Amino acid sequence: MPSYKIVFTKQAEKDVKELTPRLKEKLKTILLNVIAVDPFAGKKLLGELSGSYSYRLSYKDRIVYDIDKLKKIITILRAKTHYGE
């Protein structure tokens, strides 16, 4: 049972629209079954994205998100690649 609410930034919504139907389905599954249940399952990021987390969606695509532990909200920042965009 997901214990965190998931919200998308405008950029993340744009990213999702560009994903293939298969990746959209995979994204939904990961968000509901992994990230909403255990937000810390992702990899903690460093550098300019320090404080955010990343979870692999496909070979080149990552879900980048922030966690608000107090409000129990996960903000999806990106849903596509952030490598050599």
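Listing for the model above:
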{"item": "Condition met for residue 62 (under 10 Å from the mean Cα position of the chain (by Cα) and exposed (fewer than 13 other Cβ atoms within 10 Å of the Cβ))", "result": "no"}
{"item": "Subset of region 74-85 (residues that are farther than 14 Å from residue 11 by Cβ and modelled with pLDDT of 95 or more)", "result": "74"}
{"item": "Some residue of region 27-49 being assigned to a strand (DSSP E or B) and either modelled with pLDDT of 95 or more or out of contact with any strand residue (DSSP E or B) (no Cβ under 8 Å at 6 or more places or on another chain) (or both)", "result": "yes"}
{"item": "Scope region 57-79; condition among the basic types (Lys, Arg), within 24 Å of residue 18 (Cα to Cα) and in contact (Cβ under 8 Å) with a residue 40 or more places away in the chain; matching residues", "result": "78"}
{"item": "Members of region 12-69 found to be more than 16 Å from residue 80 (Cα to Cα) and aromatic (Phe, Trp, Tyr), listed by number", "result": "40"}
{"item": "Filter result (touching a helix residue (DSSP H, G or I) at 6+ places or on another chain (Cβ under 8 Å) and of a type outside the set (Lys, Arg)) within region 24-39", "result": "27, 34, 35"}
{"item": "Check on residue 71, at pLDDT 95 or above and either in contact with an Asp or Glu (Cβ under 9 Å, 6 or more places away or on another chain) or surrounded by 12 or more Cβ atoms within 10 Å (Cβ to Cβ) (or both)", "result": "no"}
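To keep it simple, each residue is scored yes or no on (1) closer than 20 Å to residue 72 by Cα; (2) out of contact with any Phe, Trp or Tyr (no Cβ under 7 Å at 6 or more places or on another chain).
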{"position": "14", "(1), (2)": "no, yes"}
{"position": "20", "(1), (2)": "no, yes"}
{"position": "25", "(1), (2)": "no, yes"}
{"position": "28", "(1), (2)": "yes, yes"}
{"position": "36", "(1), (2)": "yes, no"}
{"position": "43", "(1), (2)": "yes, no"}
{"position": "48", "(1), (2)": "no, yes"}
{"position": "53", "(1), (2)": "yes, no"}
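The values are calculated or read from the model by the stated rules, or taken from the named source; none is laboratory data. Keep in mind it's a predicted model, so treat the numbers as computed, not measured. For neighbour counting, all protein chains shown are included, and Cβ atoms are generated from backbone atoms with ideal geometry for every residue, glycine included.
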